[in-house]
């Protein structure tokens, strides 16, 4: 057995004999295991709940009686996002952004009913998922276990004895790192078991799952090497603990907060009130599609009359009111899509600035790698919003087409004062049964892995930097 492996075996013997170390090891494994089990159970329950609500919304829509098509435009419809398979490991932004959208005419609503708004304030710090536990809590527990790995040997005078017996400084720190790597492996075990469970069920997620596992493995390896390096460089165990706690706080709390503030300051985003005011100002120029005499549709009326070769809207072979609804929805949707695209672009640019801080914090690197691989990042949320909007637009324009092609213009104009005309402007409820199923796939597996690779390289850079620090620690130990 090599010197490093003998040192590692001795370190594990010491850990198992130390009550605090055993308690911390048990807590570490329990945290990750409970997070994995809880996240899996919560995801299954949430998926079943969303499926139930989607079915209820579809059934309620299809069960509507004979109605005027524009009544159905304002009746609206709900769509729900199915959780991504790897959300069981990292729910990402989904807990904060909402899981359902109400689709209605003339409006582009955003997602609602986010988990963070329905639970305690603690949820907003981070959901208790396997990813959060591995990224934030496990490094802290590893610090408590390994901060004295080399420093205590120096304080007790054992270090000089080991060196006098021919133990090399490099072998000593390597052995301590191997022992602490066993602790990291114990923490990663529930994640690997989850991967073995998820793999056969979702074979298309194999590559993102490997990227996610690789990212967390390299991240914990960085902490293993860093903890041992600081313990070797510090004169006392207490000093090593203080330094390591400070590094943990800086990398997992301070730098991520600084990155967010820098992104918000560099690219300030308008608040919701400002966005709404701008939207209403631009929509005002489109015109009110409920009023066919609105000045905003005068030129459209001339185009329609010229297209059909008639002198008045009464002579049109289609319902002019429905045509105005079609045109108004198209123009207002174009405005809403443009403003939303600007907001999405700004949000992505802000996220890009935050990702640059991966050079200052490995936590930022592994956090974004994890969300990207799992398909629960900002980009996938925006794609969900865009997919829901495309579904909404198709639904509303389908109803407006019914309005234009199935209803008589004279009856439609008189329905508010003529009961018989009002009855004739109701289309058959059979039209509601043709509601298309909403299906959102998200970013493909290969594309997610490509997006995660730069972040994985950043984590390897951090691991390399900590290895250089460990080498310096080994030289200091050897020089005693």
Flag if residue 199 is in contact with a helix residue (DSSP H, G or I) (Cβ under 9 Å, 6 or more places away or on another chain), surrounded by fewer than 20 Cβ atoms within 10 Å (Cβ to Cβ), free of Cβ contacts under 8 Å to residues at least 24 places away in the same chain and part of a helix (DSSP H, G or I): yes
Evaluation of residue 83 against (1) within 30 Å of residue 8 (Cβ to Cβ); (2) in contact with a helix residue (DSSP H, G or I) (Cβ under 8 Å, 6 or more places away or on another chain); (3) at pLDDT 80 or above (one fails), failing number: (1)
Residue 473 being over 22 Å from residue 76 (Cβ atoms) and part of a loop (DSSP other than H, G, I, E, B): no
Within region 237-301, helices (runs of 4 or more DSSP H) holding 1 or more residues that are touching a helix residue (DSSP H, G or I) at 6+ places or on another chain (Cβ under 9 Å), in contact (Cβ under 8 Å) with a residue 40 or more places away in the chain and farther than 30 Å from residue 133 by Cβ: 255-266, 272-286
Filter result (in contact with a strand residue (DSSP E or B) (Cβ under 9 Å, 6 or more places away or on another chain) and either surrounded by 14 or more Cβ atoms within 10 Å (Cβ to Cβ) or part of a loop (DSSP other than H, G, I, E, B) (or both)) within region 54-71: 54, 57, 58, 61, 66, 67, 68, 69
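Please pick out the residue among 421, 467 that is over 22 Å from residue 76 (Cα atoms), touching a helix residue (DSSP H, G or I) at 6+ places or on another chain (Cβ under 8 Å), without any contact (Cβ under 8 Å) to a residue 12 or more places away in the chain and part of a helix (DSSP H, G or I). Please lay out each step first, then the result.
Numbers: 467 fails: without any contact (Cβ under 8 Å) to a residue 12 or more places away in the chain.
None of the other options fit; the residue is 421.
The values are calculated or read from the model by the stated rules, or taken from the named source; none is laboratory data. None of the values given here were measured: they were computed from a predicted structure. Here Cβ is always computed from backbone atoms with ideal geometry, including for glycine, and neighbour counts include all displayed protein chains.
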